[in-house]
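**Student:** Pasting in a structure now, in structure tokens, and then I'll have a few things to ask.
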Amino acid sequence: MYFLGFNWNPDDILFSIGFIQIKYYNLSWILAFVLGWYIMKRFFINENKSLDKLDSLFVYGVVSIMLGARLGHVIFYQSELFTEDPLSILLPIKTVPEFQFTGFTGLASHGAAIAGVFGLYLFSRKFKDISLLWILDRVVITCSIGGAFVRLGNFFNSEINGKIVEESFPLATRFIRDSDDMPVYKALQITGEKTADAAYHALEHSPQYASILENIPFRHPVQLYEAIGYIIVFLIMYFWMYWRSELKKKEGFLFGFWLVAMWGPIRFMLEYFKKSQGGFEETWGTFTTGQWLSIPFVLLGLYLMFRPDPVKK
């Protein structure tokens, strides 16, 4: 079977309770944390660590990663929110041009990584038998599979889409809800509907639908490319590097490998297939914002992998 040139227009809302909406994107984050907790529990049991510490780790991890992901997005990609809509920075709402419950959207993986390391540093200071590098070596394994879930959530949201590609390209996807190709205001004008979800679904029954599709290009489903890459990293790290090799005994090596693999061949290279996400790339040039932010991570990862073993006294 060939998946060539298909249209993608799913409802991104799983269910609603009043004005509160639970979206597939939110569910993907929940699944990422739940699976991460389960995997870390196996590590703690295998290495005779107290499970009481795992509960504390979960709190530090969730708070730091979510806070960092949101602040990272705002700082790196949408800094105008500091002056235009500050309440939307940390709350699942927007107030401009009108109040709307949005759920937790606009999250940056670079910000999550930076804040996550800081949160784990605070956690490691509480326990003498758990060093920062020891916990990072194991947490990043969970981050690999968690990142795959998050990118699937992005795919359901039709966000972080790729560049235009020919219809004959395998997995070429026409994102009906792409904000550049079919922005909300345009969908509302065509259908006369009052909400974005209703408008995008109504497009499929519009007499103009065929001509509308002709003006929406096919794009790389780069979210799926990233998700597949993250799954591969997880499989390598979990089933081989942790359980079948001695690499976990060199503190920092697994963390370093994760930095290189995630931010090098996956994130850095796939940025060439993404449409621009904004940020400071126009000011700095040469690379995208995501690529500039990935370079320090890769360099740090290489250092951790190939640094000399510290001399033990």
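Please treat every number below as a calculation from the coordinates, not as lab data. The structure presented is a predicted model; accordingly, all values stated were derived computationally and were not measured.
**Student:** Fully extended, how many nm does the chain gain between Phe127 and Tyr185 (0.36 nm per residue separation, minus their Cα-Cα distance)?
**Tutor:** My answer for the length gained is 15.6 nm.
**Student:** Further, regarding this structure: Treating the range 101-234 as a set of equal point scatterers at the Cα positions, no solvent, please give the Debye-formula log₁₀ I(q)/I(0) at q = 0.13, 0.14, 0.22 Å⁻¹.
**Tutor:** Normalising to I(0) and taking log10 leaves -0.71, -0.77, -1.29.
**Student:** Taking every pair of alpha-carbon atoms in the range 1-150, what share in percent sits in each 5 Å bin, from 0 to the bin with the longest distance?
**Tutor:** 2, 8, 15, 18, 16, 14, 11, 8, 5, 2, 1, 0
**Student:** For q values of 0.17 Å⁻¹, compute log₁₀ I(q)/I(0) with the Debye formula on a Cα-only model of the range 219-262, without solvent.
**Tutor:** Those come out to -0.51, one per q.
**Student:** In terms of modelled amide H atoms, which long-range or inter-chain residues lie less than 5 Å from the amide H of Asn7?
**Tutor:** Counting only residues 5 or more places away or on other chains, the set is Arg174.
**Student:** For the range 62-166, taking Cα atoms only, what is the radius of gyration to one decimal and the Dmax to the nearest whole Å?
**Tutor:** Rg, Dmax (Cα atoms, Å): 16.3, 56.
**Student:** Would you kindly derive the ³J(HN,Hα) couplings of the range 141-151 from the backbone phi angles with the Karplus curve 6.51 cos²θ - 1.76 cosθ + 1.60 (θ = phi - 60°), listing them in order in whole Hz, with x for Gly and Pro?
**Tutor:** Values, residue by residue: 5, 5, 5, 5, 6, x, x, 5, 4, 5, 5 Hz.
**Student:** Eight or more residues apart or on different chains, and alpha-carbon atoms under 24 Å: count the Lys pairs in the range 47-202 matching that.
**Tutor:** For the range 47-202, the number of qualifying lysine pairs is 8.
**Student:** What 222 nm value per residue comes from the helices of the chain, counting each DSSP H run with n ≥ 4 as -39,500 (n - 2.57) and dividing by all residues, nearest 500 deg cm²/dmol?
**Tutor:** -17000 deg cm²/dmol
**Student:** So what is the relative contact order for the chain, in percent, with contacts set as C-alpha pairs under 8 Å and at least six apart?
**Tutor:** Averaging sequence separation for qualifying contacts and normalising by length gives 21 percent for the chain.
**Student:** With the cut-off at 35 Å, report for the chain the share of all Cα pairs above it, as a whole percent.
**Tutor:** The calculated P(r) of the chain puts 25 percent of pairs beyond 35 Å.
**Student:** How much length is gained if the chain between Trp284 and Asp85 is pulled fully straight, taking 0.36 nm per residue apart and subtracting their Cα-Cα distance, in nm to one decimal?
**Tutor:** Gain on extension, Trp284 to Asp85, equals 69.0 nm.
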